[in-house]
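Sharing a structure, written as structure tokens. Questions coming.
The values are calculated or read from the model by the stated rules, or taken from the named source; none is laboratory data. Note that the structure is a prediction, hence the values are computed from the model and not measured. So basically every Cβ, Gly included, is an ideal-geometry build from the backbone, and we count neighbours across all protein chains shown.
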Amino acid sequence: MQEAINHKQKRMLRLVKSTKAIRSEHKPMIDSEDYYKQVERYADQIRKTRNADEIIRILDVVLSETRGLKFSDEVFAAQEQVKRAERKIELLKGELEQLRGLVQTDQMTGAFNRRGLDEIFKREAARADRNAQSLGVVLIDLDNFKKINDNFGHQYGDSVLINLVTVAKETLRPSDIVARFGGEEFVILLPEVELEDALTIIQRLQNNLGKNFSLQIDNQSMPVTFSAGVALRSFGEHQNSVISRADKALYQAKRAGKNRAIPALT
């Protein structure tokens, strides 16, 4: 009889240990109170920054912690609420990423704008310096663009700008960048390219643009052309400096008769 009681007690002890083990397996990585306090801290960080990249980074952390939350009995009933929060965070992150793209893109042509160019130049310049690689910087300006607007209207002039970017994206390498610098001026970044190769690439773009788009003036077909200054960035050279050198070469190309690309002085 005593042996039966002892056996029953041992069995109950094993059950108690097993129950504790199960509970420990479901212990949350962070409890709900700490989680919500942490979310409040992240929300405060988001309110204090205007940098979309930083906001997206914070949302990534919040999303990771939301997904990693293990539900104890205390928060088991809130699973659907947490799932809805997760979906809202993902949606907000997607909207911010889309907004960041719009902020860095010229809405008419689809090329990067000045802000986008600044960000990409920093990235490409840092990569070039880190890997001891070259970076071609080209400043191009459409020839006789004021006459195009005056003779055909601004809407037609806009279509010329849009077509230029379309042809550029089709002609250039996937790693090359096109940005609208202002008006009818564009900057093209050519990573890992030597000066002669950069000139060849830009001349190919000039040929493709002329074949793709032309103007009808006095019953004659005139190709749309541009002039370009081509510079090769020096190690550690600032964006303003290399674009200034390309601009001087562009000026020389205009004076020499337009529709040509001239290398910049080092």
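Tell me, which residue of the stretch 100-114 that is touching a strand residue (DSSP E or B) at 6+ places or on another chain (Cβ under 7 Å) and in a loop (DSSP other than H, G, I, E, B) is modelled with the lowest pLDDT?
Selected residue: Gln104.
So if I check each of Arg255, Arg260, which one is among the charged types (D, E, K, R) and without any contact (Cβ under 8 Å) to a residue 24 or more places away in the chain?
On the way: Arg260 fails: without any contact (Cβ under 8 Å) to a residue 24 or more places away in the chain.
From the options Arg255, Arg260, the qualifying one is Arg255.
While we're on this one: Quick one: in the stretch 203-233, of everything that is aliphatic (A, V, I, L, M), modelled with pLDDT under 95 and in contact with a helix residue (DSSP H, G or I) (Cβ under 8 Å, 6 or more places away or on another chain), which residue is surrounded by the most Cβ atoms within 10 Å (Cβ to Cβ)? Break it down into steps so the answer makes sense when it comes.
Start the filter on the stretch 203-233 by keeping residues that are aliphatic (A, V, I, L, M), which leaves 205, 209, 215, 217, 222, 224, 228, 230-232.
With modelled with pLDDT under 95 added as a condition, the list becomes 209, 215, 217, 222, 224.
Next, from what is left, pick out any that are in contact with a helix residue (DSSP H, G or I) (Cβ under 8 Å, 6 or more places away or on another chain): 209, 215, 217, 224.
On the way: Leu209: 24, Leu215: 16, Ile217: 12, Val224: 21.
It comes out as Leu209.
Under 9 Å between Cβ atoms, at least 6 apart or on separate chains: pull out the pairs that start in the stretch 157-170 with a residue that is of a type in the set (Asp, Glu) and end on any residue that is crowded, with 18+ Cβ neighbours inside 10 Å and modelled with pLDDT under 95.
The qualifying pairs are Asp158/Thr109.
Now a separate question. Here are some residues: Phe121, Phe145. Which one is assigned by TED's automatic domain parsing to the domain that holds Leu250, under 23 Å from Asp247 (Cα atoms) and within 20 Å of the chain's Cα centre (by Cα)? Steps first, answer last, please.
Numbers: Phe145 fails: within 20 Å of the chain's Cα centre (by Cα).
Unique residue meeting the criteria: Phe121.
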